[in-house]
Amino acid sequence: MERVDQIIRNELFQSNLALNCAAEADRRFCRHNIEHLLAVCRLAWILCLEEKIDLPKELVYAAGLLHDIGKHRQYKEGIPHELASAEIAEKILTDCEFTIEEREAILSAIRSHREEDVASRNTLNGILYRADKASRNCYACPAEADCNWKGEKKNFHVY
Ligand SMILES: [Fe+2]
Ligand SMILES: [Fe+2]
């Protein structure tokens, strides 16, 4: 996955990931670090294989790696992070030679990754939504009782 490797080496990706980590250094709740981004990539790909959803692996991994890349801007500027992430992702995807059609599919999935109405769709949007929720180990989280995620968004299953 040459273009996915380009994403993780991309300067804008690395600088925004570092800003996420700095902004969340003392956070009790879920973080938006490389472990989370990679967990989402892998769970999304497992869902594609299990549910026989025919999506290119590079698109699935690009969406997973970039879906929360602008989280730090939500903390600092109050911008919903799906929009901040899509804005940053567009530049990174262009740098990494994704076509305009590929960019549109990935950015659409990033923008909708917090919208419950895409959850059941067999599209990149639905896959990203489900993988993101499945990646959270709410059953083992000491801050679960204080977390503002609504009950149905929390994950109490092992994937
Ligand atoms: Fe998110
Ligand atoms: Fe996420």
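The values are calculated or read from the model by the stated rules, or taken from the named source; none is laboratory data. On a predicted model such as this, the values are computed, not experimentally measured, just so you know. When we count neighbours, we look across all protein chains shown, and the Cβ atoms used for this are built from the backbone with ideal geometry, even at glycine.
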request  = Would you mind telling me which numbered condition in (1) without any contact (Cβ under 8 Å) to a residue 40 or more places away in the chain; (2) within 15 Å of ligand 1 (Cβ to nearest atom) E24 fails?
outcome  = (1)
ask   = Do we find that R114 is within 16 Å of ligand 2 (Cβ to nearest atom), surrounded by fewer than 20 Cβ atoms within 10 Å (Cβ to Cβ) and either within 14 Å of the chain's Cα centre (by Cα) or not aliphatic (A, V, I, L, M) (or both) in this structure?
value = yes
inquiry  = Among the residues of segment 52-64, are any away from ligand 2 (no atom under 16 Å from the Cβ), assigned to a loop (DSSP other than H, G, I, E, B) and either of a type in the set (V, I, T) or closer than 24 Å to L19 by Cα (or both)?
reply    = yes
message = Please go through segment 102-143 and give me each residue that is part of a loop (DSSP other than H, G, I, E, B), among the hydrophobic types (A, V, I, L, M, F, W, C) and in contact with a helix residue (DSSP H, G or I) (Cβ under 7 Å, 6 or more places away or on another chain), ordered by number.
response = A119
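If you check A22, A86, A62, which single one turns out to be at pLDDT 95 or above and touching a Cys at 6+ places or on another chain (Cβ under 9 Å)?
Only one candidate qualifies: A62.
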request  = Scan segment 47-69 residue by residue and report those that are farther than 24 Å from E97 by Cα and loosely packed, with under 15 Cβ neighbours inside 10 Å.
outcome  = L49, E50, E51, K52
